[in-house]
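Down below is the structure, laid out as structure tokens.
The values are calculated or read from the model by the stated rules, or taken from the named source; none is laboratory data. These figures come from a predicted structure and were not determined experimentally. When we count neighbours, we look across all protein chains shown, and the Cβ atoms used for this are built from the backbone with ideal geometry, even at glycine.
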Amino acid sequence: MQNDVVLKMRGIVKQFPGTRALDHVDFTLRKGEIHALMGENGAGKSTLIKVLTGVYGKDAGSIWIEGGGDEAHIHSPQDAQNIGISTVYQEITLCPNLTVAENMFIGRTSGSVVHWKDYEKRADELLKNLGIPARAKQELSRCSLAVQQMVAIARAVDMKCKVLILDEPTSSLDDKEVAMLFGLMRDLKARGVGIVFVTHFLEQVYEVSDRITVLRNGQLVGEFTTEELPQVELVAKMMGKDLNDLADFEAVGEKSTGANEVVYEASGLSSSECRPYDFNIRRGEVNGFTGLLGSGRSESVRAIFGADRVTGGKVRIKGKDVKITNPHEAMKNGIGYLPEDRKRDGIIADLSVRENIILALQVMKGFFHPMSKAQMTQFADEYIKALKIKTASQDTPIKSLSGGNQQKVILARWLLTHPDYLILDEPTRGIDVGTKLEIQKLVLKLAEENMSVTFISSEIEEMLRTCSRLIVMRDRKIVGELKGEQLTQSTVMKTIAGGEQ
Ligand SMILES: Nc1ncnc2c1ncn2[C@@H]1O[C@H](COP(=O)(O)OP(=O)(O)O)[C@@H](O)[C@H]1O
Ligand SMILES: [Mg+2]
């Protein structure tokens, strides 16, 4: 091992049922560096950390730690700690009703007689040394969240850690607290600790890190020095794009000119999962929310449909004030929503294709007004033909259809309710290219027939093909709105990345 390297991971594989979360990933951490581990949600960051800290076993690969000689065998978090790897998770795992000193030393005192006075003295020294504004005897719950996190870090440091892992430590801190935490990180860095920093906040990466490792779909994209990787290129790499190789995309049909009247309008709409935002859509318009996975785009549209707990905002539909606090009210107001996670929120696996198709309409009519079998058969037949759903019969359980055909069934379900406004969250994920294109074309055809559609996709090219307006999100905020000439891959990516271009 080179002598400035404190941790080396090579060829790490971690397989979950159905998902290869890590596929031969390499990671190298040097002494006294802050190394950002980046990737969209689901890229494998937390899994890599859990393998390193002994929470998960690995299926293949090797780990070396400085001064540890041969390969390190880490089978538990305790093993990791013993060889100098410490983790501070986002959810603080300390005990709020104990004192700061107790939290720093609990579980680590040796011998039967505990000399708390000594520990308190040591705690105070360490806190002072690290510039953490807390006192040993103070109850931890009386400290701010940032200080609590810093105490957790102080605990790690006193355990003589070589590698400190911070997984999203700043997500609930304000600017001042972030600055304080960064101060502590820089201080530890100067003492030679290698710090792995996981965050959603791109700006923070550029403020504090020396080096960046990017993961995507469980694979290593590359390792870069922060200085040499412009923010927009980082975003491109996280999304699996090469900035030098961006094509533009032809629309798959006529896009709306945006001249029609507004059909849905929200101001200050917020939910338990999203911050207040303003939004509108016109008749026959297709617009979309774009941003990295985890930027808040799904949470935003879920608020429109009342799928999460709505906490505020004014909504007008066709000029009239309405209140939408749950999906049923949304449906009564002419809104349809195809969720991102069709396994969880979408299909009812054991029901037939027919029953899955008529479900939303039946909910709207109310279960006390069941449809006749003949009517259901007719509806199902009509949509199976219209959307070219490949199924042996209407009676086939939906779970035996391919992913693309399941998706079409759910689309049929919503089309049958004739919504004025249809929200499609990742309608084409995991389906074949041909079916993707059919769905894109269908979206534009529906818009031509005056339906309004909000479309979300991780593939920018799909959105460019279908949307006449893109709302761009970063870190759970809307940071831009693009239309016309601005609808190019590079502009979208620059807007997602923000910062200096
Ligand atoms: N305990 C688990 N069981 C099954 N799949 C998991 C488990 N943990 C993570 N995954 C899957 O592994 C992939 C990587 O997840 P994760 O490491 O949490 O990503 P990140 O932290 O980058 O958002 C995802 O597809 C996720 O669904
Ligand atoms: Mg994670």
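Numerical summary
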item	result
Meets criteria (in contact (Cβ under 8 Å) with a residue 12 or more places away in the chain and more than 17 Å from the chain's Cα centre (by Cα)) for residue 314	yes
Segment 32-60 residues that are over 26 Å from residue 295 (Cα atoms), paired with ones that are within 6 Å of ligand 1 (Cβ to nearest atom) (beta carbon under 7 Å, 6 or more apart)	56/47
Tally of residues being within 16 Å of ligand 2 (Cβ to nearest atom) and touching a helix residue (DSSP H, G or I) at 6+ places or on another chain (Cβ under 8 Å) across segment 17-64	14
Among the residues listed as 142, 211, 191, the single one being charged (D, E, K, R), away from ligand 2 (no atom under 16 Å from the Cβ) and touching a Phe, Trp or Tyr at 6+ places or on another chain (Cβ under 8 Å)	211
Residue 6 being within 13 Å of ligand 2 (Cβ to nearest atom) and under 18 Å from residue 81 (Cα atoms)	no
Enumeration of residues in segment 20-51 that are more than 20 Å from residue 209 (Cα to Cα) and more than 10 Å from ligand 1 (Cβ to nearest atom)	23, 24, 25
Pair list, Cβ under 8 Å, 6 or more apart: segment 182-203 residue closer than 21 Å to residue 6 by Cα, other residue part of a loop (DSSP other than H, G, I, E, B) and polar (S, T, N, Q)	197/209
Lone qualifier among 61, 42, 68 - being surrounded by fewer than 22 Cβ atoms within 10 Å (Cβ to Cβ), small (Gly, Ala, Ser) and modelled with pLDDT of 95 or more	61
Number of the condition not met by residue 2 [criteria: (1) assigned to a loop (DSSP other than H, G, I, E, B); (2) at pLDDT 95 or above; (3) not aromatic (Phe, Trp, Tyr)]	(2)
Residues being within 16 Å of ligand 1 (Cβ to nearest atom) and at negative phi - total across segment 145-187	6
Test: residue in segment 418-434 that is more than 25 Å from the chain's Cα centre (by Cα), within 30 Å of residue 493 (Cβ to Cβ) and surrounded by fewer than 21 Cβ atoms within 10 Å (Cβ to Cβ)	yes
Residue in segment 379-398 that is aliphatic (A, V, I, L, M), more than 37 Å from the chain's Cα centre (by Cα) and over 14 Å from residue 442 (Cβ atoms) present	no
Residue in segment 319-327 that is within 22 Å of residue 411 (Cα to Cα) and among the basic types (Lys, Arg) present	no
Where a residue in segment 62-77 is over 17 Å from residue 164 (Cα atoms) and its partner, wherever it lies, is in a loop (DSSP other than H, G, I, E, B) and not aromatic (Phe, Trp, Tyr), with Cβ under 9 Å and at least six apart	62/71; 62/72; 75/54; 75/57
Boolean, residue 145 is farther than 23 Å from residue 6 by Cβ, touching a residue at least 40 places away in the same chain (Cβ under 8 Å) and within 26 Å of the chain's Cα centre (by Cα)	yes
Per-region count, segment 65-91, residues in a loop (DSSP other than H, G, I, E, B) and within 16 Å of ligand 2 (Cβ to nearest atom)	3
The listed residue being in contact (Cβ under 8 Å) with a residue 24 or more places away in the chain, in the same structural domain as residue 277 (by TED's automatic domain parsing) and outside any loop (DSSP other than H, G, I, E, B), out of 462, 485	462
Extreme residue, surrounded by the most Cβ atoms within 10 Å (Cβ to Cβ), among residues of segment 477-501 that are under 21 Å from the mean Cα position of the chain (by Cα) and modelled with pLDDT under 90	498
In segment 52-64, residue farthest from ligand 1 (Cβ to nearest atom) [restricted to those that are assigned to a loop (DSSP other than H, G, I, E, B) and either on the phi > 0 side of the Ramachandran plot or of a type in the set (Asp, Glu) (or both)]	54
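Each row is one residue, and each column tells you yes or no for (1) within 16 Å of ligand 1 (Cβ to nearest atom); (2) in a helix (DSSP H, G or I); (3) not basic (Lys, Arg).
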position: 275; (1), (2), (3): no, no, no
position: 279; (1), (2), (3): no, no, yes
position: 288; (1), (2), (3): no, no, yes
position: 295; (1), (2), (3): yes, no, yes
position: 300; (1), (2), (3): no, yes, yes
position: 303; (1), (2), (3): no, yes, yes
position: 307; (1), (2), (3): no, no, yes
position: 311; (1), (2), (3): no, no, yes
position: 314; (1), (2), (3): no, no, no
